[in-house]
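Here is the structure we will look at, set down as structure tokens.
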């Protein structure tokens with residue numbers, strides 16, 4: 001026996017239900033059969049409830065028309081998502097510089113590692129790796145946790161993001177690196193033994209600024225190779241074939257590894273934002289040499305993207321199962 005709900009006029013489940021919204025009353029109505037309604041140019045189901053007229057005018061709008069307006073709201077939601085990504089990159093780069101460069105400054109600038117250079121190298125390498133490991137899991141779901149213009153360039157060349165978004169990432173990362181360096185400098189100025197020109201701020205360099213007095217050519221080559229290894233690891237561990245649950249550990253260990261060898265050579269940049277911030281605060285030789293630690297890591301990212309595109313095996317396509325309606329036909333044929 002067919003019946004209709006007195007409240008909404010819904011037909012039995014055997015009929016096709018169509019949702020309507022009264023434009024003025026705001027009431028949602030679910031209806032059944034469609035019949036033309038010449039009064040408003042849309043369809044109105046038989047026995048439908050459209051609500052009480054307001055201001056002497058009554059009409060109904062299909063949900064698909066309302067969805068077009070909801071789509072506009074989604075555009076604002078998309079803008080909000082992009083802003084969150086940029087904010088995550090800025091904050092992440094700020095934290096990386098503050099904590100990791102802070103450990104480097106304490107170890108070598110303040111001399112807390114004592115006479116053991118190896119202790120300072122290990123402490124600084126672990127600081128960079130551990131901070132990045134935490135950030136991967138903390139802001140990775142928001143922005144991907146690049147916190148490094150070289151990584152963003154590698155991701156861009158791998159066609160995983162568009163150029164406009166990449167520019168926004170770069171701006172956020174450089175801003176975060178500068179703010180992190182300023183915050184770190186403001187922290188250290190509270191110490192009576194801190195001298196910016198002597199203690200420094202963990203800036204990278206070659207020549208007299210290098211522990212092994214490396215020249216400009218060796219510094220450039222080292223930064224290209226170290227960045228290529230690191231960015232390649234990031235691209236590999238964030239590909240579709242990787243295991244997401246362990247990607248943060250692998251990326252953090254990769255950054256630790258390149259710092260273990262890179263700190264005695266140049267101080268290890270592999271991250272233009274990490275180098276620019278301290279160089280701007282310290283000035284002098286660090287600011288004169290910072291160009292290398294911007295250009296070389298970006299060149300390393302290009303090498304890494306090319307190597308990843310060549311070495312990464314293509315994913316095997318899994319054949320789709322046969323449609324459900326094919327099963328009765330095969331059984332009937334038997």
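All of the numbers you see were taken from the coordinates with simple rules; none came from a lab. Bear in mind the structure is a predicted one, so any value in this text is a computation, not a measurement. Backbone-built Cβ (ideal geometry, glycine too); neighbour counts: all protein chains shown.
Quick look at the numbers
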quantity: Shape category assigned to the range 159-213 from the gyration tensor of Cα positions, a/c cut at 1.5; calculated: oblate
quantity: Likely footprinting exposure, 204, 215, fewest C-beta neighbours within 10 Å first; calculated: 215, 204
quantity: Descending Cα extents along the principal axes, the range 81-311, whole Å; calculated: 49, 34, 30
quantity: Tensor-based shape of the range 229-311 (alpha-carbon gyration tensor, a/c under 1.5 rounded, otherwise prolate or oblate); calculated: prolate
quantity: Neighbour-count ranking [beta-carbon atoms within 10 angstrom, fewest first] of 206, 170, 291; calculated: 291, 170, 206
quantity: Order of 142, 214 under a 10 Å beta carbon neighbour criterion, fewest first; calculated: 142, 214
quantity: Two-site label geometry, residue 183 and residue 245: point separation in nm, points 7 Å out along Cα→Cβ; calculated: 3.2 nm
quantity: Prolate/oblate/rounded call for the range 120-202, Cα gyration tensor, a/c under 1.5 rounded; calculated: prolate
